1. Can you tell me which residue in the range 64-113 is surrounded by the most Cβ atoms within 10 Å (Cβ to Cβ), limited to those that are hydrophobic (A, V, I, L, M, F, W, C), under 13 Å from the mean Cα position of the chain (by Cα) and more than 16 Å from Thr32 (Cβ to Cβ)?
2. Scanning for something among the hydroxyl-bearing types (Ser, Thr, Tyr), open to solvent by 30 Å² or more (accessible area, probe 1.4 Å) and in a helix (DSSP H, G or I), does the range 7-22 turn up at least one residue?
Amino acid sequence: MSAPRRSRRPMTLMVISPFAERIHMALMTGATAAAIGLPVTFFFSKGAIHALRKGGWETLTTSDGRKVPDMDNAQDEKGLADFSVLIDALAALEARFVACENAMTEEGLTADDLITRPAIELSGLADIIEKGHGGDWLTF
């Protein structure tokens, strides 16, 4: 008798906080889920959209005012994955990244402003809700 199969329910992570440690935790959560075989979608909206801008990650701060390079350096020194490691891993694990079209408009961004790895789709809430049906949702 074979072992029961694990559910392949999709995981949708809505990333809306502009604070680096929350975005980092969303990426860590998604990377873990993708590594165990779950389909993962990130939906970046509101202030978090800047993490997907070319060079945008480095401009963010933590909720206590620390600058992102300081946070990344502290993680590197402890052997923890920083933003660039997580983004590369998530691209390799084929996580889906979606930038909210409304947030892009609110923040004055265009598709040309976004990083290219991983590939970023532009879409909206209706698409995310439809494709995330029956899965788990987390908001950061």
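The values are calculated or read from the model by the stated rules, or taken from the named source; none is laboratory data. Being a predicted model, the structure only gives us computed values, none of them experimental. All Cβ positions, even for glycine, are placed from backbone atoms using ideal geometry, and neighbour counts span all protein chains on display. In case anyone asks, the SASA skips ligands and DNA or RNA and just uses the protein heavy atoms, side chains included. Shrake-Rupley method; radii C 1.70, N 1.55, O 1.52, S 1.80 Å.
1. Residue satisfying both the conditions and the ranking: Ala99.
2. Looking for residues that are among the hydroxyl-bearing types (Ser, Thr, Tyr), open to solvent by 30 Å² or more (accessible area, probe 1.4 Å) and in a helix (DSSP H, G or I), one finds none in the range 7-22, hence no.
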